[in-house]
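The values are calculated or read from the model by the stated rules, or taken from the named source; none is laboratory data. Remember, it's a predicted structure, so these values are computed and weren't measured experimentally. Here the Cβ is made from the backbone with ideal geometry for all residues, glycine too, and neighbour counts use every protein chain on show. Note: accessible area is taken over every heavy atom of the protein model, side chains too, but ligands, DNA and RNA are not part of it. Shrake-Rupley method; radii C 1.70, N 1.55, O 1.52, S 1.80 Å.
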Amino acid sequence: MEKAKKGNNIYGQACCYTQYGDTKTAFCLLDKAVKERNVWLTFMVKTDWMLDPLRDNPHFHEILRTMHLE
């Protein structure tokens with residue numbers, strides 16, 4: 001249960017860092033969420049407005065390809 005809580009928090013943290021303009025940290029957290037197969041990332045990565053500032057970045061598209069969403 002503790003691991004699930006941490007995993008959910010990673011996605012939320014990535015969203016917050018994105019909104020603060022810290023894309024480097026946001027991508028580090030998103031990469032970690034991918035490795036941990038974070039369920040929130042799977043459901044939200046393509047639609048969450050909080051990640052909109054990252055959508056034009058090639059790293060974002062790499063994450064989508066890794067998840068087989070692009």
**Prompt:** Taking the Cβ-Cβ separation of residue 66 and residue 24 as r and a Förster radius of 25 Å, what is the calculated FRET efficiency to the nearest 0.05?
**Reply:** 0.85
**Asked** For the chain, what is the calculated [θ] at 222 nm in deg cm²/dmol (nearest 500), taking -39500 (n - 2.57) for each run of four or more DSSP H residues and dividing by its residue count?
**Response** -20500 deg cm²/dmol
**Request:** Report residue 55's accessible area, 1.4 Å probe, all protein chains in place, as a number in Å² to the nearest 10.
**Result:** 50
**Request:** Find the lysine pairs in the chain meeting two conditions, Cα atoms under 14 Å apart and a separation of 8 or more places or different chains, and report how many there are.
**Result:** 5
**Global form of the chain, assessed from the alpha-carbon gyration tensor, a/c cut-off 1.5** = oblate
